[in-house]
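Novice: I have a structure here, written as structure tokens, and I will follow up with some questions on it.
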Amino acid sequence: MWFFLSILSSLTFGLAGFMMKASSAKKGSTDHLLWGLYLSGTIGFFIWALYTQAFEWNLSILLGGTMVGLGSAFGNLLFMKALDYGPASLTSPVTNGNILFIVGLSVLYYGEQLSLNEWIGTCLLILAMMLLPIDPNEQLRIRHHSWYFLVIAAMFLFFLRNGGLKITEEMNLPNVMILFVGYFFGFIWFSLKAKHPKHLSTTKSAKRIGLYWGIGSGLFSFAGMQMYALALEEGPASIVSPIFATNSLVVAILSIWIFRERLSIIQTLSLIIFVTGLISIRL
């Protein structure tokens, strides 16, 4: 069951990422997009916590949720900032390198054991994720030394988000509450950002577009992260996390379909490697 939950979490979280891309394509406000995302995501986790009777508070939940929230909110911010100083073909693979830390944590610290086929499949999934954003037509030039700090910091913060759920799950903390606190943290932060004086010149149309797409993205983000958390409860994080991280493939496929973007040779190879990796794991 955990394998299919992992795939569903990737597909669903990928839909959330595509909605963020759609908002950007339609010139929506990024801060209002993220405000809407964390608003609907927070509501989703609140309702789910009440439905599953998992609503509880203690210091460990607050600390764990804040850790995940920091990783989610500031990881996204630093990633977007890094794109101002360096190409996406380098920025995305480096920040996605946090998956290697999660695999290492799971195997070395928590003692997860994988078969040869599972090791091969996991490595193929990571390779597919690294290859996907590479654009052979993009000039691979770092425009500022700040890029190195930003991508390393973003990689560490994304590890706090994804790896943090593995840690809190091993501590037997209710991950629905961890995610609720994390998304509520993001909601508070982007509520302040959305009211920043710089948005006085932002058009109502840009704010509305960002908010609408953000609310939709938050619903799929909630569903994706919740299924990821459930998959971690049953399956090995050393496999679940790489599968979840391939949500970028969903964004790429939908962008090709909806925005008529062309599939490069490298992206085609990435998709083939991805499917081969999933087959290898199931063998």
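The values are calculated or read from the model by the stated rules, or taken from the named source; none is laboratory data. Note that this is a predicted model, so its numbers are computed, not measured. Note that we place each Cβ from the backbone using ideal geometry, even for glycine, and neighbour counts take in every protein chain shown. The accessibility values were calculated without ligands, DNA or RNA, using every heavy atom of the protein model including side chains. Shrake-Rupley method; radii C 1.70, N 1.55, O 1.52, S 1.80 Å.
Novice: How far is it, in nm, from the label point at ILE152 to the one at ILE272 when both lie 7 Å from their Cα along the line to the Cβ?
Specialist: With each label placed 7 Å out from Cα toward Cβ, I get 3.7 nm.
Novice: Under 24 Å Cα-Cα from LYS207, which lysines qualify once same-chain neighbours fewer than 8 residues away are excluded?
Specialist: LYS21, LYS26, LYS27, LYS81, LYS193, LYS195, LYS198
Novice: Further, regarding this structure: As an exercise, use a Förster radius of 22 Å and the Cβ-Cβ distance of TYR109 and MET1 to find the FRET efficiency, rounded to the nearest 0.05. Walk me through the numbers before you get to the answer.
Specialist: Working: r = 25 Å, r/R0 = 1.12.
Calculated transfer efficiency: 0.35.
Novice: Something else now. If I take R0 = 25 Å and measure r between the Cβ atoms of ILE253 and LYS81 in this structure, what FRET efficiency does the formula 1/(1 + (r/R0)^6) give, to the nearest 0.05?
Specialist: Efficiency, rounded to the nearest 0.05: 0.40.
Novice: Separate question: For the chain, what is the charge dipole size about the Cα centre, in debye to the nearest 20, if Lys and Arg each add +1 at the Cβ and Asp and Glu each add -1 at the Cβ?
Specialist: Here the size comes out at about 1300 debye.
Novice: Rolling a 1.4 angstrom probe over the protein heavy atoms, how many square angstrom per residue are accessible across the range 211-281?
Specialist: Per residue, the range 211-281 has 43 Å² of solvent-accessible surface.
Novice: How much length would be gained if the chain were fully extended between LEU62 and ILE279, taking 0.36 nm per residue of separation minus their Cα-Cα distance, in nm to one decimal?
Specialist: Stretched out fully, the LEU62 to ILE279 stretch lengthens by 74.3 nm.
Novice: Within 10 Å, count the other beta carbons around each residue, average over each peptide in 228-236, 110-118, and list them highest first.
Specialist: 228-236, 110-118
Novice: I would also like to ask the following. So how do THR203, THR122 rank on accessible area, 1.4 Å probe, biggest first, that is with the largest at the start?
Specialist: Result of the area sort, largest leading: THR203, THR122.
Novice: Now for a different question. At 0.36 nm per residue, minus the direct Cα-Cα distance, what do ASN172 and ALA54 gain on full extension? Give it in nm, one decimal, please.
Specialist: That pair, ASN172 and ALA54, stretches by 41.3 nm at full extension.
Novice: When the Karplus curve 6.51 cos²θ - 1.76 cosθ + 1.60 is applied with θ = phi - 60°, which whole-Hz ³J(HN,Hα) does each residue of the range 105-122 get, with x for Gly and Pro?
Specialist: 4, 5, 7, 7, 9, 9, x, 5, 10, 10, 6, 4, 4, 5, 5, 4, x, 5
Novice: Can you list the HN-Hα couplings for the range 189-196, worked out from phi with the Karplus curve (6.51, -1.76, 1.60; θ = phi - 60°), rounded to whole Hz and with x for Gly and Pro?
Specialist: With coefficients 6.51, -1.76 and 1.60, one gets 4, 7, 5, 5, 5, 5, 9, 4 Hz.
Novice: Can you give me the Rg/Rh ratio for the chain, using Cα atoms for both radii and the Kirkwood formula for Rh? Mind dumping the intermediate values first?
Specialist: Values: Rg = 18.2 Å, Rh = 19.1 Å.
Result: Rg/Rh = 0.96.
Novice: Calculated from DSSP H runs of 4 or more alone, at -39500 (n - 2.57) each and per residue, what is the 222 nm mean residue ellipticity of the chain, nearest 500?
Specialist: -26000 deg cm²/dmol
Novice: Follow-up question, since we're still on this one. Take the alpha carbon atoms of the range 1-88, find their radius of gyration, then divide it by 2.2 N^0.38 Å using N residues; give the quotient.
Specialist: Cα Rg divided by the expected 2.2 N^0.38 Å: 1.30.
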